[in-house]
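Reading through the structure tokens given below for one structure.
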Amino acid sequence: MDARIPSKAPGHFGLRGLLIACLTIGSVAGLGLSTAVVVRATGSSYPTAIVDDEGMSTTLTTEPQRIVSLTPANTEIVFALGAGPRLVGGSASDDYPPEAVDLPDVNTYEGVDFEQVVALEPDLVLAGGNAGTAPDDIARMRELGLPVVVVWAPDVPGVLADIKLIGSAVGAADEAAALTTEMQGHLDRVSAAVAAERTRPRTFYDVGYDAEIWAPAPDSFVADMVERAGGEAITTDDPSVWSIPLETLVVADPEVIVLGDAAYGVCPDAIVGRAGWQDMTAVANGDIRPVDDQVVTRPGPRLAQGLASLAQAIHPGIDVGDITSDHSLCPAA
């Protein structure tokens, strides 16, 4: 796992980026499902009081016209809701849609650029929970009087809830309802296809490999996605630990290895060449398949596409309907 990932690089602030943030800042555990609440004055869209995923209440007096997003997932959501033109700042990780790349970078691995954020005069700041935005940075922005809403989804239902939360915050509640309804339909289609499969292969989602083997933690977002995609997720033994010893992985004996780090050039031949991996069932049988980690682990509007891609990696040939997914990262795989 390389902490020197360039700005706007594929996968930046994806699962790898989140791991770096968690290992550096510390992970927030046990938040459960999204607790977002929206309270509006009778007969008026605004003022709106929003209780975010950390239980903090923020009152928006008017519809936000100058929005700052500090995570790529929040940026994607704002664009998907049609409010992209109102974004005035983003993160160094913003890479989708293409228009997001040109946003001023006010959040990087080094933290939030407070001077730049204040200069942008935002009337809404969408931050990331669970170390997506450093907790000290969130506290500092609130001290500066900025209206901060913290968003963090621990699982798929949480993603849908947070899209609705952001929709309510930016004045696009109807668009959010339509988007989440469409997403739920696609997710249900994948779930039905997975339920028809006869097996749930032991699945290792390869996050990264250097001095340690980086892996999903128990009850993590990616572990939930693997389970929903029809695999039996192989995880670390601690929700706060994101690495797994080789000996433990060998004993777990994955039947499928999913390459979440394929965007970094990690393809099946690299796995085959790793010392000590040759006796794993997935390696012996060649069941090593790449996915686009961004759509699998980024809690945003492309999540159904990510789940479909993951299901196809775990169950080749599964029929997920017309949900498109990209398997071009390792063309020969």
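Residue-wise test of (1) within 21 Å of Q305 (Cα to Cα); (2) modelled with pLDDT under 95; (3) of a type outside the set (D, E, K, R); (4) surrounded by fewer than 23 Cβ atoms within 10 Å (Cβ to Cβ).
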position	(1), (2), (3), (4)
I166	yes, no, yes, no
E182	yes, no, no, yes
T203	yes, no, yes, no
D210	no, yes, no, yes
I213	no, no, yes, yes
G231	yes, no, yes, no
I244	no, no, yes, yes
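Among the residues that make up segment 189-197, is at least one of them in the same structural domain as M280 (by TED's automatic domain parsing), in a helix (DSSP H, G or I), touching a residue at least 60 places away in the same chain (Cβ under 8 Å) and not hydrophobic (A, V, I, L, M, F, W, C)? Let's see the steps before the verdict.
If we filter segment 189-197 for residues that are in the same structural domain as M280 (by TED's automatic domain parsing), which is where we start, we get 189-197.
Add one more test, that the residue is in a helix (DSSP H, G or I), and what stays is 189-195.
Then keep just the ones that are touching a residue at least 60 places away in the same chain (Cβ under 8 Å); that gives 189-190, 193-194.
Keeping just the survivors that are not hydrophobic (A, V, I, L, M, F, W, C) gives 189.
Yes, segment 189-197 has at least one match.
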Problem - Residue match in segment 134-141 (condition: in contact with a strand residue (DSSP E or B) (Cβ under 6 Å, 6 or more places away or on another chain) and more than 14 Å from V68 (Cβ to Cβ)) - result: yes
Practice task
Give the residues of segment 59-81 that are under 20 Å from the mean Cα position of the chain (by Cα) and more than 18 Å from R142 (Cβ to Cβ), sorted by residue number.
Solution key: P72, A73, T75, E76, I77, V78, F79, A80, L81
Handout entry: Condition met for V291 (crowded, with 23+ Cβ neighbours inside 10 Å, free of Cβ contacts under 8 Å to residues at least 60 places away in the same chain, in contact with a Lys or Arg (Cβ under 8 Å, 6 or more places away or on another chain) and not assigned by TED's automatic domain parsing to the domain that holds P72)
Key = no
Handout entry: Residues of segment 214-266 that turn out to be over 21 Å from G129 (Cβ atoms), touching an Asp or Glu at 6+ places or on another chain (Cβ under 7 Å) and not β-branched (V, I, T), as a count
Key = 8
Handout entry: Enumeration of residues in segment 94-108 that are of a type outside the set (D, E, K, R) and under 16 Å from the mean Cα position of the chain (by Cα)
Key = Y96, P97
Completion exercise
Among the residues of segment 225-279, the number that are touching a residue at least 60 places away in the same chain (Cβ under 8 Å) and not in a helix (DSSP H, G or I) is 12
Practice task
Mind telling me which of the residues L259, L303 ends up being surrounded by 20 or more Cβ atoms within 10 Å (Cβ to Cβ), outside the structural domain of P72 (by TED's automatic domain parsing), over 17 Å from P154 (Cα atoms) and within 21 Å of the chain's Cα centre (by Cα)?
Solution key: L259
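The values are calculated or read from the model by the stated rules, or taken from the named source; none is laboratory data. Treat the numbers as computed from the prediction; the structure is a model and nothing was measured. Methodologically, a virtual Cβ is constructed for each residue, glycine included, from the backbone with ideal geometry; neighbour enumeration extends over all protein chains shown.
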